[in-house]
Amino acid sequence: MRIARPSDIHDHVTQDQAGLGRTIDWRDDGIVIIDQTLLPAEEVLVRLREVGDLVEAIRRLAVRGAMALGVAGAMGVALAAARATEDGADLEASVLRAAEALRAARPTAVNLAWGVDRALAVRGGGTPAIIAEALRVRDEDIAAARAIGERGADVLAGCGRVLTHCNAGALAGVEGGSALSAVRVLHERGILREVFVPETRPLLQGARLTAWELGRQGIAHRVIVDGAAAGLILGGRVDAVVVGADRIARNGDVANKVGTLPHALAASFAGIPFVVAAPESTIDLTVASGADIPIEERDPAEILRRDGRRVAAPGSDALNLAFDVTPAALVTAIVTERRVIRPADGESLEPAGPA
């Protein structure tokens, strides 16, 4: 693994229209990611040439977000194939080992396993076919982000004051992301007035990442503590809530970053839209409902400590759930790159046809 400043490998990072480098990309038979754990203080790019390094980057959230994890899964298999070819190792055994390690890195996020499976499906064609498939997954992600943004903005038309949660923007995809892609299109259309950004405890992906993205794009926003969101919604200061998703069950239940469910409950009570923006790959038809979605538990130290110092009372333990599940009945719309689904109205999540 090599860490570098953007100026050191700027030729390896394609810039999107908002001036943000690609969150993840494939270069010279390796992966380049933005280390999201260091934002917003530092913009550092990391080169990954071993599957173990990618797995660790996923676990420590250096690369994260449903769409980006799908690409990471496919590129992780490509990484294993490239190293096997270099070393003269058995390709089949190498990619299957990599697939197992990658799937286990973040069990709730279905896109990770989906990306792994996309790359594995073409392994009969050897390393070139696997790499080509990983690049197709990347390019499809970029196109999907823009399509989600346009459809999402259509659903949110007239909503000038929006609340989001965690980070579902360019940092959560290759370039555009999901929920923040819709926010950006609203901004481009001159509709958006302000975005409320809950800090997203305990790792502050809202305060650190979403606020950083919105600032880079010139979008008016204010960071709020997580507990302030419901009061703002019920106080009539929010027109809509838009979030991403890490897995969507067959019945329309949505797993997303912990803290999402309270926003959905408040939005329902206030009678405003609660919109989920996510690619089709996030819909898992093998899972009947949210009750069947595995919920990742992370290190209690993320709650008990801050900046290396314990903040919780001595002797206290913590339960650090990374996600919660929002029932389909609270979901106004699910927006994908292909369609708009309204689970609360009984609309089906069965596979859509081509875009």
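Bear in mind that the values in this text are calculations on the coordinates, not laboratory data. The model shown is predicted, which means the values in this text are computed figures rather than measured ones. Cβ atoms come from the backbone with ideal geometry, glycine included; neighbour counts cover every protein chain shown.
Key figures for this structure:
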item: Distance between the range 279-355 and the range 42-66 - C-alpha centres, whole angstrom; result: 21 Å
item: Placed amide H near residue 259: partners under 5 Å, 5+ positions off or other chain; result: 324
item: Whole-Hz ³J(HN,Hα) from phi, Karplus 6.51 cos²θ - 1.76 cosθ + 1.60, for the range 327-338, glycine and proline x; result: x, 4, 4, 9, 9, 5, 7, 10, 10, 10, 5, 10
item: Cβ-based net charge around residue 338, under 11 Å, with every Lys or Arg adding one and every Asp or Glu removing one; result: 0
item: Over the chain, equivalent-ellipsoid semi-axes from the Cα gyration tensor in Å; result: 31, 23, 20
item: Estimated vicinal HN-Hα couplings, Hz - the range 167-182 in sequence order (Karplus 6.51, -1.76, 1.60; Gly, Pro = x); result: 9, 10, x, 4, 6, 9, x, 6, 9, x, x, 10, 4, 6, 5, 5
item: Top positive-direction residue, dipole computed over the range 2-143 with Cβ charges, set 119, 108, 68; result: 108
item: Long-range HN-HN contacts of residue 22 with modeled amide H, under 5 Å; result: 14, 16
item: Phi to ³J(HN,Hα) by Karplus 6.51 cos²θ - 1.76 cosθ + 1.60 over the range 218-225, Hz, x for Gly, Pro; result: x, 9, 4, 7, 9, 7, 10, 6
item: Farthest positive-ward along the range 226-306 dipole, Cα basis, beta-carbon charges - from 234, 295, 275; result: 234
item: The range 149-345 - Debye-derived log10 I(q)/I(0), Cα point model, q = 0.13, 0.16 Å⁻¹; result: -0.65, -0.98
item: Point-charge dipole on Cβ atoms (K/R +1, D/E -1) for the chain, about Cα centre, debye to 20; result: 820 debye
item: Inter-label distance for residue 307 and residue 93, nm, one decimal - labels placed 7 Å from Cα along Cα-to-Cβ; result: 5.0 nm
